[in-house]
Amino acid sequence: MKICLVGSILRHTVESDEGTYSGWGGMTESAIAPFAALLDPGSVVYFVGSVGAEDLEEVRDFYKQHYPFVDTRGIRVNLAGTDHHHGTKHFVKRKIQVEPTTFEHIEPFIHDVDIVVFNFGNIDDIDPAAIKKVKENSSALVYVDVHRKPFGADEQGYMFVRGWQGWENYLGYADVVQMDKQECEALFNKKIQTLYDSALCAKAVLDAGAKTALMTLGAKGILLAYKDHKYIYAHIPAVPCAVKDTTGCGDAMAAGYLVAWHEGASPVDAAKKGALMGAVNCEFVGYMKGVDRRMIEERMPSDFAHTPLNLESDIPRNIFV
Ligand SMILES: Nc1ncnc2c1ncn2[C@@H]1O[C@H](COP(=O)(O)OP(=O)(O)OP(=O)(O)O)[C@@H](O)[C@H]1O
Ligand SMILES: [Mg+2]
């Protein structure tokens, strides 16, 4: 499997109830660790992003040592240096704004890949116009994690809800769009209280042109919506796990979904693999380590049922998230 990952590299200090985790953050490790558990030998991930000149060799060595399937030729220098995020999973202070990654940076890596993942891990770290250009110039599945795009940062670096004017013109070109509950509330400027609220946002994403929406809901699982002649909605519950730290669950979910999709799974089954990977990630402070595919598959609940949702019925309105 070949993947182009367009994302952010940053130093990361996460405070959680289980203690403080410090390391390479953004997508540097969170997106790579779950792929490491799932990918076949011979798979390649082309990472496209930037880091301060002072850290370029360290980041390349980090991948060489821990994740040798990552091809680092797409990592370039950000002149203002390396960003550092400090905070909890949802409330973060950043150090600098990185220069956005553009289509020109991504283009060399899109021609023989199965999937291109865009993850706006650092506010305006990617030119969103690149989504459409990749769709037009590659046969890869285009996957977008909205992540921090509907947020801004003030002069001190504290993040605030900003929304994303004209998001339809970008996300409409994605095959799959992922966002968590806080990101959904920021993007749509409304409270998400029930599955119905989440489904209406997913519907807006499909109306814009995307084919699939994965609205992640933390311990409440995933609201999946996709087009199959008509719009289909389903709720995938979370997989039971011993939660230590939920940082990186979204990236773990994405890896589970994408590997299953590549192997021919239906959207519901791929989302179940995503939920399983999210649960496994909860059991680590930081990102999953020392996990292989067999260990993950053994954790798949034998009675893992999803709930098909009809937006006309009361069920989605009565399930709080
Ligand atoms: N407490 C939990 N228990 C079980 N599964 C969880 C839990 N938290 C998250 N998950 C699983 O992981 C998925 C993604 O989690 P979440 O909605 O927190 O993503 P996220 O906020 O994008 O994460 P991040 O951006 O830190 O990677 C959920 O849809 C769910 O399936
Ligand atoms: Mg996320």
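The values are calculated or read from the model by the stated rules, or taken from the named source; none is laboratory data. Fair warning: this is a prediction, and the values are worked out from it, not measured in the lab. Heads up, the Cβs are rebuilt from the backbone with ideal geometry, glycines too, and the neighbour counts pull from every protein chain shown. What goes into the accessible areas is simple: the full protein's heavy atoms, side chains included, and nothing from ligands, DNA or RNA. Shrake-Rupley method; radii C 1.70, N 1.55, O 1.52, S 1.80 Å.
Couple of notes before you dig in:
- The set of residues in the range 22-48 being more than 16 Å from ligand 2 (Cβ to nearest atom), in contact (Cβ under 8 Å) with a residue 60 or more places away in the chain and closer than 18 Å to Lys95 by Cβ consists of Gly23 alone.
- When the range 165-196 is filtered for residues that are crowded, with 21+ Cβ neighbours inside 10 Å and without any contact (Cβ under 8 Å) to a residue 40 or more places away in the chain, the ones remaining, listed by number, are Val177, Met179, Glu183, Cys184, Ala186.
- Screening His90 against (1) over 25 Å from Gly290 (Cβ atoms); (2) modelled with pLDDT of 95 or more; (3) touching a helix residue (DSSP H, G or I) at 6+ places or on another chain (Cβ under 9 Å) leaves a single unmet condition, (2).
- No other residue among Lys133, Lys89, Lys95 is surrounded by fewer than 24 Cβ atoms within 10 Å (Cβ to Cβ) and in a helix (DSSP H, G or I) apart from Lys133.
- Take the conditions (1) within 16 Å of ligand 2 (Cβ to nearest atom); (2) open to solvent by less than 10 Å² (accessible area, probe 1.4 Å); (3) more than 18 Å from Ile32 (Cβ to Cβ); (4) not acidic (Asp, Glu); Gly218 misses just one of them, which is (2).
- Qualifying residue in the range 198-212 (condition: within 14 Å of ligand 1 (Cβ to nearest atom), more than 24 Å from Trp167 (Cα to Cα) and open to solvent by less than 20 Å² (accessible area, probe 1.4 Å)): no
- From the options Thr212, Thr194, residue that is closer than 24 Å to Cys4 by Cα and away from ligand 2 (no atom under 15 Å from the Cβ): Thr212
- Any hit, the range 58-69, residues being open to solvent by less than 30 Å² (accessible area, probe 1.4 Å) and part of a loop (DSSP other than H, G, I, E, B): yes
- Among the conditions (1) part of a helix (DSSP H, G or I); (2) among the aliphatic types (A, V, I, L, M); (3) within 14 Å of ligand 1 (Cβ to nearest atom), Val259 misses just one, which is (3).
- Residue in the range 253-270 that is within 15 Å of ligand 2 (Cβ to nearest atom), open to solvent by less than 40 Å² (accessible area, probe 1.4 Å), over 20 Å from Leu187 (Cβ atoms) and among the small types (Gly, Ala, Ser) present: yes
- Residue within the range 291-312 that is within 18 Å of the chain's Cα centre (by Cα) and either part of a loop (DSSP other than H, G, I, E, B) or buried (at least 18 other Cβ atoms within 10 Å of the Cβ) (or both) present: no
- Residue within the range 66-79 that is within 16 Å of ligand 1 (Cβ to nearest atom) and either out of contact with any Leu (no Cβ under 6 Å at 6 or more places or on another chain) or at pLDDT 95 or above (or both) present: no
- Residues of the range 126-149 that turn out to be closer than 18 Å to Gly166 by Cβ, within 16 Å of ligand 2 (Cβ to nearest atom), in contact (Cβ under 8 Å) with a residue 60 or more places away in the chain and not β-branched (Val, Ile, Thr), as a count: 1
- Any hit, the range 102-118, residues being under 30 Å from Gly19 (Cβ atoms) and not in a strand (DSSP E or B): no
- Filter result for the condition that a residue is under 25 Å from Val142 (Cα atoms), open to solvent by less than 30 Å² (accessible area, probe 1.4 Å) and of a type outside the set (A, V, I, L, M), over Gly74, Gly52: Gly74
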